[in-house]
Amino acid sequence: MPKNKLKVLMASAEITPFAKVGGLADVVGSLPPALKKLGCDVRLIMPLYGSIDRKKYRLKKILTDQKIFSAGKITIINLWQSYLPNTKVPIYFIDAPEFFQAKAVYLDKNNAERFLFFSLASLRVLPLIKFLPDIVHCHDFHTGLIPDLLKTTEFTFFKDIKTLFTIHNLNYQGKSEIEVLKTGNLTPHSLACLSQDAQDGDINFIVQGILNADIINTVSKTYTKEIATSQYGAGLDKIVRSRKKDLYGIVNGIDTNFFNPAKDKLIKQKYSTKSLNKKIFNKLALQKKVGLPQNKNIALAGLISRFVWQKGLDLFTEELPKLDCQFVVLGTGQKHYEQNLKKLAKKFPYKFSAQIKFDEKLAHLIYAGADIFLMPSRFEPCGLGQLISMRYGTVPIVRRTGGLADTVTIKQGFSFKEFSTTAFRRTIKKALNMYYKESYKWKQLQINGMNKDFSWHKSAQEYIKLYRKVLVKKY
Ligand code: ADP
């Protein structure tokens with residue numbers, strides 16, 4: 001690490017453990033401690049949602065009744081501070097009840113406006129807390145307009161701050177009516193990239209992040225290549241290609257302390273590569289918990305996911321429970337997926353269990369107790385489920401796309417390319433064949449997965465390199 005300490009502000013809509021909807025929260029909650037270890041002064045900022053327990057997480061109010069000028073009026077905010085649990089990474093919370101009083105992270109409407117206000121307030125508090133970052137590291141569409149706000153502000157305080165925009169999922173774009181710009185005290189004429197974007201009648205937050213950040217990255221090398229194609233570009237492939245020379249891919253890590261079968265307090269029986277035979281007690285506990293017959297001899301496949309189009313749940317048909325395998329799925333999302341999975345559970349009660357909820361504890365028991373972990377995603381920027389499952393010696397079966405293609409090789413699991421029920425079923429059958437007939441090979445897959453390094457260390461080093469690249473970038 002060079003003499004001068006890098007100062008980074010990370011702004012995100014979700015951060016584990018304070019508020020989580022998907023993998024974004026896990027990433028922003030676990031990368032910073034690794035950056036801090038490498039000598040970086042990294043601080044986080046997020047909205048103070050109604051669901052965040054101020055007592056439990058020891059939040060302290062550090063600024064009261066601050067005036068933020070937005071959309072022609074004054075909005076009063078407070079700023080709270082705490083630390084990422086068990087670390088010295090500071091985290092700030094924008095307390096603006098008008099926008100974030102609700103318990104949910106995302107609401108049915110006004111998300112673009114809510115997160116633009118958050119972006120504006122996140123910058124406005126920096127001089128007040130006397131933190132002048134070298135870089136604001138923005139995550140996903142919610143913070144896509146931070147580069148615009150920095151480029152248009154009249155305050156000299158902000159003039160040297162650079163931006164890195166990380167795309168965790170290109171399909172969530174934050175499209176909004178042009179009027180939303182008022183919230184950021186902007187107009188389509190404020191910047192060329194805004195007028196360009198406004199030509200089609202709306203403002204697309206992720207487009208702004210892509211066009212306007214100094215450097216951009218996605219969360220795996222394959223996804224970085226994929227989003228430049230029409231198949232995976234979610235309508236933005238041309239825009240992505242226009243920034244190709246500033247676009248990088250850095251694969252996610254996981255919190256290897258939290259996800260550790262040898263220390264996990266949320267599972268029935270702790271185990272490691274040396275005591276892999278003990279994993280079976282988690283399987284029996286899992287079968288009992290989700291109402292499947294307790295049988296240590298039958299293979300058990302798990303899935304933990306948001307139930308959305310991306311995740312490939314259409315591949316769950318009646319053919320699956322007919323295989324010599326039990327299934328447990330955990331998740332919530334679009335009603336038609338929930339209904340289809342519940343229907344399978346009703347029709348095949350001894351083979352299929354559908355757990356329609358968000359349940360951290362059950363998720364850990366599935367990672368530890370299942371033999372196989374399923375991720376048949378249509379696209380997957382990185383994916384964390386497969387990393388966590390490998391850490392627990394649970395063999396992944398994944399569709400070969402994005403981060404799944406980069407992290408699961410034949411040494412740790414199985415993959416298929418064609419998005420079809422036939423290819424999915426064929427691959428599960430192949431895995432079951434090895435599970436039942438070649439147990440020594442199966443055990444090797446488990447051990448290879450468990451021995452793989454999923455810590456943030458290497459990727460955090462890559463982020464530091466990227467930050468340095470942003471700072472020396474010539475225009
Ligand atoms: P995405 O970010 O697209 O949702 P990832 O695989 O990157 O997908 O991350 C999902 C994270 O959320 C994982 O940590 C997974 O275990 C967790 N998760 C998803 N659904 C649930 C659920 N219903 N209960 C508990 N954890 C869940």
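Values in this text are rule-based calculations from the coordinates and carry no lab data. Computed from a prediction, not measured in an experiment: that's the story for all the values here. Using ideal geometry, Cβ is built from the backbone for each residue, glycine included, and neighbour counts are taken over all protein chains shown.
Return the ratio Rg/(2.2 N^0.38 Å) for region 111-265, where Rg is computed over Cα atoms only.
1.12
On a full-extension model of 0.36 nm per residue, what is the gain between GLU462 and LYS245, subtracting their alpha-carbon distance, rounded to one decimal in nm?
Extending this stretch completely gives an extra 76.4 nm.
For the ranges 326-334, 134-142, what's the packing order if you count other beta-carbon atoms within 10 Å of each residue, average per peptide, and put the highest first?
134-142, 326-334
Can you give the calculated 222 nm mean residue ellipticity of the chain, where each DSSP H run of n ≥ 4 adds -39,500 (n - 2.57) and the sum is split over every residue, rounded to the nearest 500 deg cm²/dmol?
Helix-only estimate at 222 nm: -10000 deg cm²/dmol.
Cross-link list LYS60/LYS265; LYS417/LYS469; LYS36/LYS175; LYS278/LYS361; LYS283/LYS357: which exceed 27 angstrom alpha carbon to alpha carbon?
Over 27 Å apart, Cα to Cα: LYS60/LYS265; LYS417/LYS469; LYS36/LYS175.
I want to verify the translational diffusion coefficient of region 72-115 in µm²/s; compute it with Stokes-Einstein, Rh as the Kirkwood radius over Cα pairs, at 10 °C and 1.306 mPa s.
128 µm²/s
I want to verify the translational diffusion coefficient of the chain in µm²/s; compute it with Stokes-Einstein, Rh as the Kirkwood radius over Cα pairs, at 10 °C and 1.306 mPa s.
After rounding, the answer is 68 µm²/s.
Distance from the Cα centre of region 337-410 to that of region 257-283, in angstrom?
One Cα centre to the other: 18 Å.
In the chain, what percentage of the DSSP-assigned beta bridges are antiparallel, given to the nearest 5?
30 percent
Quick one: which of LYS20/LYS182; LYS274/LYS452; LYS346/LYS430; LYS5/LYS130 span more than 18 angstrom between C-alpha atoms?
Listed pairs above 18 Å: LYS20/LYS182; LYS346/LYS430.
Find the all-direction average of the projected area of the Cα convex hull for region 1-122, expressing the result in square nanometres with one decimal place.
8.1 nm²
State the extension gain, in nm to one decimal, for the chain segment bounded by ALA234 and VAL472, taking 0.36 nm per residue of separation less the distance between their alpha-carbons.
Once the chain is fully extended between ALA234 and VAL472, it gains 82.6 nm.
Once the Cα gyration tensor of region 365-475 is found, what semi-axes does its equivalent ellipsoid get, as square roots of 5 times the eigenvalues, in whole Å, sorted largest first?
31, 17, 10
Excluding ASP108 itself, what net charge comes from residues whose Cβ is under 15 Å from its Cβ, given Lys and Arg +1 and Asp and Glu -1?
Net charge in that neighbourhood comes out at +4.
Evaluate 2.2 N^0.38 Å with N set to the residue count of region 273-453, then give the Cα radius of gyration divided by it.
Ratio of Cα Rg to 2.2 N^0.38 Å: 0.92.
Please work out the Cα convex hull volume for region 413-467 and give it in Å³ per residue.
It comes to 98 Å³ per residue, whole-number rounded.
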